[in-house]
1. Can you name the residue in region 8-41 that is among the hydrophobic types (A, V, I, L, M, F, W, C) and touching a Leu at 6+ places or on another chain (Cβ under 6 Å) and is also surrounded by the fewest Cβ atoms within 10 Å (Cβ to Cβ) among such residues?
2. Within region 199-219, can you find the residues that are among the hydrophobic types (A, V, I, L, M, F, W, C), part of a loop (DSSP other than H, G, I, E, B) and surrounded by fewer than 24 Cβ atoms within 10 Å (Cβ to Cβ)?
3. Which one is farthest from Pro28 (Cα to Cα) among residues in region 168-180 that are crowded, with 20+ Cβ neighbours inside 10 Å and more than 22 Å from the chain's Cα centre (by Cα)?
4. Which of the residues that make up region 111-130 are in contact with a His (Cβ under 9 Å, 6 or more places away or on another chain) and crowded, with 20+ Cβ neighbours inside 10 Å?
5. Can you pull out the residues in region 420-466 that are closer than 24 Å to Lys636 by Cβ, under 20 Å from the mean Cα position of the chain (by Cα) and in a loop (DSSP other than H, G, I, E, B)?
6. Which residue is modelled with the lowest pLDDT, if the candidates are limited to region 485-504 and must be in a helix (DSSP H, G or I) and buried (at least 17 other Cβ atoms within 10 Å of the Cβ)?
7. Would you check which residues across region 706-728 are buried (at least 18 other Cβ atoms within 10 Å of the Cβ) and under 32 Å from the mean Cα position of the chain (by Cα) and list them?
8. Please work out if Phe631 is touching a residue at least 40 places away in the same chain (Cβ under 8 Å), surrounded by 14 or more Cβ atoms within 10 Å (Cβ to Cβ), aromatic (Phe, Trp, Tyr) and assigned by TED's automatic domain parsing to the domain that holds Glu479.
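The values are calculated or read from the model by the stated rules, or taken from the named source; none is laboratory data. Computed from a predicted structure; not experimentally measured. Neighbour counts are summed over all protein chains in view; Cβ atoms, including those assigned to glycine, are modelled from backbone coordinates with ideal geometry.
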Amino acid sequence: MEIKKVVIIGSGTMGSGIAAHLCNANIPVTLLDLKTEISEKARDRIHKSKPPLLLDKTKINNIKVGNISDNFSEVEEADWVVEAVVERIDVKHDIYKKIFNVRKKGAIVSSNTSSIPIKVLSQHLSEEEKKDFCITHFFNPVRYMGLLEIVKNENNDLDKINSLKKFCEIELGKGAIICNDTPGFLGNRIGVFAMQVAMTEAFKMKLSVEEADAIFGRPMGIPKTGVFGLYDLIGIDLMADVLKSFIKELPEKDPFQLVAKEIPLVKKLIETGYTGRKGKGGFYRVNKTDGKKIMEALNLQTGEYSSSKKINIKTEKVDLKSLINRNDKYGKYAWSVISKIIKYASSLVPGITKEFNDIDEAMRLGFNWSKGPFEMLEEIGVNNFFSKIDEYKNNNFLENLAQSKNEEFYGERQKYTKIETLGKAKKTAMSVDGNNSAKIYRFNDYNIVEFTTKANALDYDSMDALKKATDKPLIIINESMQFSAGVNLTYTMEFADKRDFKSIEKFIKYFQETCKHLKYSKYPVISAPSGLTLGGGFEVMVQSNFVASHTNIVVGLVETIVGLIPAGGGCKEMLARWLDTDEAKKDPNFAPLKVFDIIGYGKTATSPVEAEPMKYLMPEDKKIMNRNSLFEVSKKILEDNRDFIAPEELKFNLPGKSVLEDMNKILDNLYNEAIILDHGVIVAKELANVLSGGDTTIDKTLSEDDLFKLELDAFMKLIETKETQDRIKHTLATGKPLVN
């Protein structure tokens, strides 16, 4: 069936998030609540949300609002009605009675509950009504979290469930996984268990909260918040309620019962108002000492706070084999947590889903893990795992695997979707090479480069991999959260601290050379960005021949924030795009001033809709809702460009001193109003020199290499200053800009 109109009942966080995302997909949606004023406030929250829930804020009025007394007739015309009200079963039952009394024949009705079983929700429905009723559990924030669990039971019309899945996958861009009606469904059952194991083992092994978070984080391919940081983010009291729900719903012998037991210290935190970030603090808190804000961490043994310590475990790469084989408390903790997660997840197959890799995808899409439990097992190695594991009696999955010892047990990834995903493709590569910063997957007709550093920050090795992979058509794409957050500033500062500026210059020259090589390669180069595509990441993307962008992209040139200017061709490419406008053809100062404004302020766009007016993306670039489709679309671009001919090199005619005077006037005003300070002026003047063309006039033609040289000279002048180095160090230490 076609879904042309949707009604959401309940305008809280989840209801408004679902409504916003339907708006993103251009699906007419009505948001109802007890009073119209409540729905209107929800619409206002959507409009003001940060990060933004809407791809295009101008479309906010496409969300109709109303109340369930006066506007319930909207339900009669809906093809899909989503209930997102408070988690009270009596309230939900009342709503379902009203919906089914008026809904049109065959319309789908679903609940966004995260915990109540479908058998309980549907207990008052007729057999016919049960066919069209399911759970659609979106994850928050709806726009950004890829997972959608569609929970079914034996009563459902499977054709309708599959039709809904297809709609959510194609139109809403979700990783829609169908799972059975079991407590916590799929993602939360494993995700919450993993959190509890990480917490209880930390208590048991007497680790500090910082130590536990340092392991149960990036080294395991899990977001950097760790377990205690995530507890604070979610809310310690909310997590306690979630655990009570699991304790109530799960059998007494389920291993979850052991890790869900109440911890006295956690109970005390809740009772004293330490419920996490929303309260007075939690496992971490910010305290003021001598007028300065200090991050403090809770001692799990004493319950006292002290200054939080940074734990250096001397690795940032996901290398589970090395991690679990460390002969220290960190290795023992990692193995204890990982082995228990694998044991629990495997014990649930086929109970919650017959496809074990659906569990991995749920953890990737719903919890931002880079590897799910079974991928962890695959990386550790079957024989290695069973040489270390203790008891796994009555776990059919592990018992069978122990007998077969099949190291190739995993097979195909992402079975839940028919899309030809990157994850599936990587498994079929003819060969894999590369280096510490990027992998090259080689196929008959094309290559893939996937960056592998923290936040996919770029260094010499990243460029080396890109260059080596252009012997065939190339797709630059990855599965991590970010396309690339830019050049590796830590890498750059290691040279700066040694006053080794020649090595920095060598790297920037190689970066420029590589980007130019990508642009004018014999074969087409495609970038498929998602997430952060900033600074150097943008420069790689913009100098690719084609772009297939995910709608959840944060794109821009932000170098001025750390006291630098784009030096990998970012200034050059932005100038070229703005010079190719009608306004620039009439006014030679137009393009340099426009780019000066965009780069000078470090402006970013949070969607393709925002990116196009700044020319970070172009109308011809592909924009895709479903991230899984990026690879498929990229391959189609290659097929459509078999007769590819590299573009001709750009030429520039820039006004030089005449536009520089205008730029200096702008800087004088900003400085006088204290919007920028002394070093901000120096950075902006270097940017102005590049964008004006330096010592040039409008009748003099500059080459791309001339622009590269201007970028490099400006970058080197700035990186040698103490003020820029201070900015970089401050940003690396705090994640916040320094204004100096």
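1. Applying the first criterion (among the hydrophobic types (A, V, I, L, M, F, W, C)) to region 8-41 yields 8-9, 14, 18-20, 22-23, 25, 27, 29, 31-32, 34, 38.
Checking which are touching a Leu at 6+ places or on another chain (Cβ under 6 Å) leaves us with 8-9, 19-20, 25, 29.
On the way: Ile8: 29, Ile9: 27, Ala19: 32, Ala20: 29, Ala25: 18, Val29: 24.
By that ranking, first place goes to Ala25.
2. Here is the first cut: in region 199-219, the ones among the hydrophobic types (A, V, I, L, M, F, W, C) are 199, 202-203, 205, 207, 209, 212, 214-216.
Filter once more, so that each one left must be part of a loop (DSSP other than H, G, I, E, B): 205, 207, 216.
Met205, Leu207 - these are the residues of region 199-219 that are among the hydrophobic types (A, V, I, L, M, F, W, C), part of a loop (DSSP other than H, G, I, E, B) and surrounded by fewer than 24 Cβ atoms within 10 Å (Cβ to Cβ).
3. Taking region 168-180 first, the residues crowded, with 20+ Cβ neighbours inside 10 Å are 168-169, 172-179.
Then keep just the ones that are more than 22 Å from the chain's Cα centre (by Cα); that gives 178-179.
Details: Ile178: 25, Cys179: 28 Å.
It comes out as Cys179.
4. Ser111, Asn112, Thr113, Leu121
5. Matches in region 420-466: Thr421 only.
6. Let us first name the residues in region 485-504 that are in a helix (DSSP H, G or I), namely 489-497, 501-504.
Going one step further and asking which of them are buried (at least 17 other Cβ atoms within 10 Å of the Cβ), we end up with 489, 491-492, 495-496, 504.
Numbers: Leu489: 94, Tyr491: 90, Thr492: 94, Phe495: 95, Ala496: 95, Ile504: 96.
Only one residue tops the list, namely Tyr491.
7. Across region 706-728, the qualifying residues are Phe708, Glu711, Leu712, Phe715, Leu718, Ile719, Thr724, Gln725, Arg727, Ile728.
8. Details: touching a residue at least 40 places away in the same chain (Cβ under 8 Å): yes; surrounded by 14 or more Cβ atoms within 10 Å (Cβ to Cβ): yes; aromatic (Phe, Trp, Tyr): yes; assigned by TED's automatic domain parsing to the domain that holds Glu479: yes.
It is true that Phe631 is touching a residue at least 40 places away in the same chain (Cβ under 8 Å), surrounded by 14 or more Cβ atoms within 10 Å (Cβ to Cβ), aromatic (Phe, Trp, Tyr) and assigned by TED's automatic domain parsing to the domain that holds Glu479.
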